[in-house]
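The values are calculated or read from the model by the stated rules, or taken from the named source; none is laboratory data. Treat the numbers as computed from the prediction; the structure is a model and nothing was measured. All Cβ positions, glycine included, derive from the backbone under ideal geometry; neighbour counts span all protein chains shown.
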Amino acid sequence: MIRRFNYTGRHKISRDHIELMIHRVPEKGALVEFSLALDVVKEQFVDLPEDALILLEAYRTSEAWERIYCGTVGSPLFPQKKLLEQFEWEDPILFRVKIVSSGEGPTKILAWNTQVKADDVDVSGNKNRSLLPIVSSKELGDRFWKLAWMDDVPELHVNALYEGSRPPKQIVLSDPGFHAFVYPQIVESVFEGLLITRRDEYDRDEDPCGWLQFAEKVLKVDAPPDPDNDRDNYEDHAKQWIDYAVDKFCSYRDIQHTFETHDLTHFGNND
């Protein structure tokens, strides 16, 4: 029986203290490798008992969910390596890290983090944490693509039933027309989701999806406006910030050069 948790009084484990990687083996599965900077966590949260359990939970939906026991605070089992059984090898997966009480009575969360994205590790050992996981979907009807959200993490869903000359994921990843016409709209929608639609619940400091860090470190955009300090005009200022960030994205991806050097007349042409 799956134990339910009491979240009262929990501590937040910093993402910086979590080492989480996925080794994807085509057609076989996803091997997750997990460890925790437990000494740092114990120094930060001195009230953690030695017999508290360390749990790693992989999830995607309520139907796709898997829990891994990683020992206790006093006797951790790191690094923890496990081939996930409830997921396909290419599934986008999020994780929860929990330290919970043991013994009788209701199980209490003592420390945790959620919506944790793992680093994808290729065969050469290179790490990559995708900003926009691509998901094949059979639920899009006649649409080719749709921006969807898994908790606070954006995903690009593409139509698995598309019968074109190239696989949908190949188009999304390499087609100049898709990059030029569609990606700026996706970027705009992601930032609108984070700063406007989810502004009251999204954890900007933790930034679980990584998009705000991408804007700051890669696009070189200043931090977005803070709704707590800009209550009267926040939405207008947020939209201005989003417009500027999308423009910087277009410069970063050299969208103008794509239009100048590629024949995009075929894109969207139904003739």
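For the range 141-160, what are the residues that are in contact (Cβ under 8 Å) with a residue 40 or more places away in the chain and either of a type in the set (D, E, K, R) or touching a Phe, Trp or Tyr at 6+ places or on another chain (Cβ under 8 Å) (or both)? Explain how you work it out, then say what you get.
Our first condition is that a residue be in contact (Cβ under 8 Å) with a residue 40 or more places away in the chain; within the range 141-160, this holds for 147, 149-155.
Matches in the range 141-160: ASP151, ASP152, PRO154, GLU155.
Among the residues in the range 30-38, are any surrounded by fewer than 17 Cβ atoms within 10 Å (Cβ to Cβ), in contact (Cβ under 8 Å) with a residue 24 or more places away in the chain and either out of contact with any Phe, Trp or Tyr (no Cβ under 7 Å at 6 or more places or on another chain) or not in a strand (DSSP E or B) (or both)?
Filtering the range 30-38 for residues surrounded by fewer than 17 Cβ atoms within 10 Å (Cβ to Cβ) gives 31, 37.
Subset that is in contact (Cβ under 8 Å) with a residue 24 or more places away in the chain: 31.
Now restrict to residues that are either out of contact with any Phe, Trp or Tyr (no Cβ under 7 Å at 6 or more places or on another chain) or not in a strand (DSSP E or B) (or both): 31.
Yes, because at least one residue in the range 30-38 is surrounded by fewer than 17 Cβ atoms within 10 Å (Cβ to Cβ), in contact (Cβ under 8 Å) with a residue 24 or more places away in the chain and either out of contact with any Phe, Trp or Tyr (no Cβ under 7 Å at 6 or more places or on another chain) or not in a strand (DSSP E or B) (or both).
Quick one: in the range 85-101, which of the residues that are of a type in the set (D, E, K, R) and in a loop (DSSP other than H, G, I, E, B) is modelled with the highest pLDDT? Lay out the reasoning, then the answer.
Here is the first cut: in the range 85-101, the ones of a type in the set (D, E, K, R) are 85, 88, 90-91, 96, 98.
Checking which are in a loop (DSSP other than H, G, I, E, B) leaves us with 85, 88, 90-91.
On the way: GLU85: 84, GLU88: 78, GLU90: 75, ASP91: 79.
For the range 85-101, the residue satisfying everything is GLU85.
Inspect all residues belonging to the range 46-57 and state whether any of them is at pLDDT 90 or above and touching an Asp or Glu at 6+ places or on another chain (Cβ under 8 Å).
Yes, there is a match, as at least one residue in the range 46-57 is at pLDDT 90 or above and touching an Asp or Glu at 6+ places or on another chain (Cβ under 8 Å).
Identify, please: which residue in the range 176-210 is among the charged types (D, E, K, R) and in contact (Cβ under 8 Å) with a residue 40 or more places away in the chain and is, among those, nearest to GLU235 (Cα to Cα)? Please lay out each step first, then the result.
The initial filter retains those residues of the range 176-210 that are among the charged types (D, E, K, R), namely 188, 192, 198-201, 203-207.
After this cut, where a residue has to be in contact (Cβ under 8 Å) with a residue 40 or more places away in the chain as well, the list is 188, 192, 198, 201, 203, 206.
Values: GLU188: 14, GLU192: 10, ARG198: 12, GLU201: 15, ASP203: 18, GLU206: 22 Å.
Restricting to residues being among the charged types (D, E, K, R) and in contact (Cβ under 8 Å) with a residue 40 or more places away in the chain, the top hit is GLU192.
Condition check ((1) surrounded by fewer than 16 Cβ atoms within 10 Å (Cβ to Cβ); (2) touching a strand residue (DSSP E or B) at 6+ places or on another chain (Cβ under 8 Å); (3) not aliphatic (A, V, I, L, M)) across all residues:
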residue: ASP207; (1), (2), (3): no, no, yes
residue: GLY210; (1), (2), (3): no, yes, yes
residue: ASN233; (1), (2), (3): yes, no, yes
residue: TRP241; (1), (2), (3): no, no, yes
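Out of everything in the range 112-128 that is among the charged types (D, E, K, R) and surrounded by fewer than 16 Cβ atoms within 10 Å (Cβ to Cβ), what residue ends up being modelled with the highest pLDDT?
Of all residues in the range 112-128, those among the charged types (D, E, K, R) come to 117, 119-120, 122, 127.
Retained after the next criterion (residues that are surrounded by fewer than 16 Cβ atoms within 10 Å (Cβ to Cβ)): 119, 122, 127.
Numbers: ASP119: 81, ASP122: 61, LYS127: 64.
Residue satisfying both the conditions and the ranking: ASP119.
Is it the case that VAL41 is more than 19 Å from the chain's Cα centre (by Cα) and surrounded by 20 or more Cβ atoms within 10 Å (Cβ to Cβ)?
Values: more than 19 Å from the chain's Cα centre (by Cα): yes; surrounded by 20 or more Cβ atoms within 10 Å (Cβ to Cβ): yes.
Criteria met by VAL41.
Report the residue count in the range 50-101 for those that are crowded, with 18+ Cβ neighbours inside 10 Å, touching a residue at least 40 places away in the same chain (Cβ under 8 Å) and among the aromatic types (Phe, Trp, Tyr).
Qualifying residue count, the range 50-101: 2.
Across the range 79-99, what is the number of residues that are among the aliphatic types (A, V, I, L, M) and more than 14 Å from HIS23 (Cβ to Cβ)? I'd like the intermediate steps shown before the answer.
Taking the range 79-99 first, the residues among the aliphatic types (A, V, I, L, M) are 83-84, 93-94, 97, 99.
Narrowing further to those that are more than 14 Å from HIS23 (Cβ to Cβ): 94, 97, 99.
Residues that pass the stated criteria total 3.
Being of a type in the set (Gly, Ala, Ser), over 20 Å from ASP207 (Cα atoms) and modelled with pLDDT of 80 or more, is that true of even one residue in the range 103-111?
If we filter the range 103-111 for residues that are of a type in the set (Gly, Ala, Ser), which is where we start, we get 103, 105, 111.
Still in the list and also over 20 Å from ASP207 (Cα atoms): 103, 105.
Add one more test, that the residue is modelled with pLDDT of 80 or more, and what stays is none.
No, every residue in the range 103-111 fails to be of a type in the set (Gly, Ala, Ser), over 20 Å from ASP207 (Cα atoms) and modelled with pLDDT of 80 or more.
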